[in-house]
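Engineer: Handing you this structure, nothing more for now.
What follows draws every value from the coordinates through simple rules; no lab data is involved. As the structure is a computational prediction, the values presented were derived from the model and not from experiment. With ideal geometry, Cβ positions are generated from the backbone for all residues, glycine too; neighbour counts draw on all protein chains shown.
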Amino acid sequence: MIESSLQQFTLLIQQTLTAPWNFTCPQNYLRLDQVGEVTRQALNDDSGIPAKNPLMEAFNLLIEEGQNYRIENIILGINEVFKSYLKNLTSENQDGVTQHFLEFLKMFFIFLTEDCFPYTEKMWEVISTMIKPTGLFLIKESFTTAIPTFFECTALLGKQASRRDLSTGTLQHAFRIAELACRNSGNQEGCTLIQNLRQNLEN
């Protein structure tokens, strides 16, 4: 059976995201945006290449699909990124992996809200819908470091979306469900945070 272009793209992004989510640069590769100062010795030792970054590769694939207006590919691609994020989470790496995932999400949001992109409302609704099960997973699996980072960032995206006259109803619902989940699990700190973020979403 010949695979459709949709199936081929989904398989490609799945394969891209199976690479290890290790975001530390090799010691012999110098990133000037990650150091406060540089020495002659550090420049002389700079002989490596950047580590593979599956999130950035996935981002580049999604941008290409977006530029060609392949909306279903974009939806399935972002779905694969969200799932891969959750699969790669551990109690030890939750802080770093969550921050890298959210950097990806922020960059993709910027692309989606450009004036030339015709499916902004559709994609914002899709992302808002995906935030609900993702946030609930973090709460139920007790990723206590990831929870505030995830909800603070998605609330910030919600505020930016509101300024662009995009609906935040689905996101507010996701936050309300997460708020209740935190309360039921005894995470009062998370419950209070998410409640405040939800109430201030359109301010």
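Engineer: Beta carbons within 10 angstrom, averaged per residue: use that to sort the peptides 86-95, 131-140, 155-164, highest first.
Structural biologist: For the peptides 86-95, 131-140, 155-164, the packing ranking is 131-140, 155-164, 86-95.
Engineer: A further question on this structure: What does the helix-only formula give at 222 nm for the chain: each DSSP H stretch with n ≥ 4 adding -39500 (n - 2.57), the total divided by the residues, and the result rounded to the nearest 500 deg cm²/dmol?
Structural biologist: -22000 deg cm²/dmol
Engineer: If you take the Cα Rg of the range 101-203 and divide it by 2.2 N^0.38 Å, with N the number of residues, what do you get?
Structural biologist: Here the answer is 1.04, to two decimals.
Engineer: So if R0 is 35 Å, what FRET efficiency would I71 and I49 give, r being the distance between their Cβ atoms, rounded to the nearest 0.05?
Structural biologist: Approximately 0.50, to the nearest 0.05.
Engineer: Still on this structure, please answer the following. Can you give me the three principal axis dimensions of the range 96-151 from its C-alpha atoms, in Å, biggest first?
Structural biologist: Between the extreme Cα coordinates on each principal axis of the range 96-151 lie 39, 21, 12 Å.
Engineer: So, in nm, how far is label R40 from label Q8 when the simple model puts each one 7 Å beyond its Cα toward the Cβ?
Structural biologist: 5.4 nm
Engineer: Above 22 angstrom, tally the Cα pairs of the range 48-159 and express them as a % of all pairs, no decimals.
Structural biologist: Result: 31 percent of Cα pairs exceed 22 Å.
Engineer: Expected output is a single nm value to one decimal: the length gained when fully extending between D95 and T24, i.e. 0.36 nm times separation in residues minus the C-alpha distance. What is it?
Structural biologist: 24.2 nm is the gain from fully extending D95 to T24.
Engineer: How much of the pair distance distribution for the range 1-58 lies past 17 Å, counting alpha-carbon pairs only, in percent?
Structural biologist: The calculated P(r) of the range 1-58 puts 55 percent of pairs beyond 17 Å.
Engineer: Give me the net charge of L43's neighbourhood, meaning all other residues with Cβ under 14 Å from the Cβ of L43; Lys, Arg count +1, Asp, Glu -1.
Structural biologist: Here the count lands on -1.
Engineer: Run the simple label-point estimate for K140 and R163 please: 7 Å along Cα→C-beta, distance reported in nm.
Structural biologist: Calculated label separation equals 3.5 nm.
Engineer: How large is the translational diffusion coefficient of the chain in µm² per second when you combine the Kirkwood radius over alpha carbon pairs with Stokes-Einstein at 10 °C and 1.306 mPa s?
Structural biologist: 86 µm²/s
Engineer: Can you tell me how much longer the chain between I177 and E152 gets when fully stretched, taken as 0.36 nm per residue apart minus their C-alpha distance, in nm with one decimal?
Structural biologist: 7.5 nm
Engineer: Now, a different point. Only loop residues by DSSP count here, and only those with at most 14 other Cβ atoms within 10 Å; note down the chymotrypsin sites (Phe, Trp or Tyr not before Pro) in the range 1-107 that meet that.
Structural biologist: Here the chymotrypsin sites (Phe, Trp or Tyr not before Pro) that fit, given the DSSP loop and packing criteria, are Y29, Y69.
Engineer: Using Stokes-Einstein with the Kirkwood hydrodynamic radius over Cα pairs, what translational diffusion coefficient do you get for the range 55-105 at 4 °C and a viscosity of 1.567 mPa s, in µm²/s rounded to a whole number?
Structural biologist: Reported coefficient: 113 µm²/s.
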